[in-house]
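*Asks:* There's a structure below that I have some questions on.
The values are calculated or read from the model by the stated rules, or taken from the named source; none is laboratory data. As the structure is a computational prediction, the values presented were derived from the model and not from experiment. Cβ placement follows ideal geometry from the backbone for every residue including glycine, while neighbour counts extend to all protein chains displayed. Remember, those area values only see protein heavy atoms, side chains included, never the ligands or the DNA or RNA. Shrake-Rupley method; radii C 1.70, N 1.55, O 1.52, S 1.80 Å.
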Amino acid sequence: MSELNPEDAKIITLARSARARTNAAEGAAVRDETGRTYSATSVDLPSLKLSALKVAVAMAVSSGAEDLEAAAVVTKAGTPDPSDVTAVRDLGPKAPILVAAPNGTLTKTLG
């Protein structure tokens, strides 16, 4: 992750930590326009299923964020679901989405 700026590396670390804490399929973190961060994992209940990115975006919105600077998702999947990308774009149209493997290695950036 040496090619990342420290703030982007931080949200990947937060996403990895959230995923590891709960052994979830994926972890995510977002950074809002003030620098506040929100980390989350996927939710898989019988009556509620949400991706980690959607939960992180929802947390940011419910805390008053008006824009996102960046988002990160740690997953075994090669890319986030298109609806996850849309959720990020709804709040942060220009926010890069950093996609990382479970070991924290950046695999791609969606601009």
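*Asks:* Given +1 on the Cβ of Lys and Arg, -1 on the Cβ of Asp and Glu, and no further charges, what dipole in debye does the chain carry about its Cα centre, rounded to the nearest 20?
*Replies:* With Lys and Arg at +1 and Asp and Glu at -1, about 360 debye.
*Asks:* Can you tell me which lysines have their Cα less than 22 Å from the Cα of K49? Leave out same-chain residues fewer than eight positions away.
*Replies:* K76
*Asks:* To continue, here is another question. Please list S62, S17 from largest to smallest accessible area, probe radius 1.4 Å, with all protein chains kept in place.
*Replies:* Accessible-area ranking of S62, S17, largest first: S62, S17.
*Asks:* Given (i) 14, 32, 22, 16, 10, 5, 1; (ii) 17, 54, 27, 2, 0; (iii) 12, 23, 20, 15, 11, 9, 6, 3, 1, 0 as candidate values of P(r) over Cα pairs in 10 Å bins from 0, in percent, which corresponds to the one derived from the coordinates?
*Replies:* Calculated P(r) over Cα pairs in 10 Å bins from 0, in percent: the matching label is (ii).
*Asks:* Okay, moving on. Using modelled amide H (1.01 Å from N, peptide plane; none on Pro or chain starts), what sits under 5 Å from the amide H of E69, excluding residues fewer than 5 places away?
*Replies:* Residues meeting the criterion, in which the H sits 1.01 Å from N, are R31, D32, E33.
*Asks:* Take the alpha carbon atoms of segment 86-111, find their center, do the same for segment 34-81, and report the distance between the two centers in whole angstrom.
*Replies:* The distance from the Cα centre of segment 86-111 to that of segment 34-81 comes to 11 Å.
*Asks:* Right, something else. Students often forget the sequence filter, so: which lysines lie under 20 Å Cα-Cα from K94 once same-chain residues fewer than 8 apart are removed?
*Replies:* K10, K54, K108
*Asks:* Within the chain, which is the longest segment containing none of the trypsin sites (Lys or Arg not before Pro) that sit in a DSSP loop and have at most 16 other Cβ atoms within 10 Å?
*Replies:* My reading of the result: 37-75 is the longest stretch.
*Asks:* At a 1.4 Å probe, what is the % contribution of carbon and sulfur to the accessible area of the chain?
*Replies:* Roughly 55 percent, rounded to a whole number.
*Asks:* With a 1.4 Å probe and every protein chain left in place, work out the accessible area per residue of the chain in Å², rounded to a whole number.
*Replies:* 51 Å²
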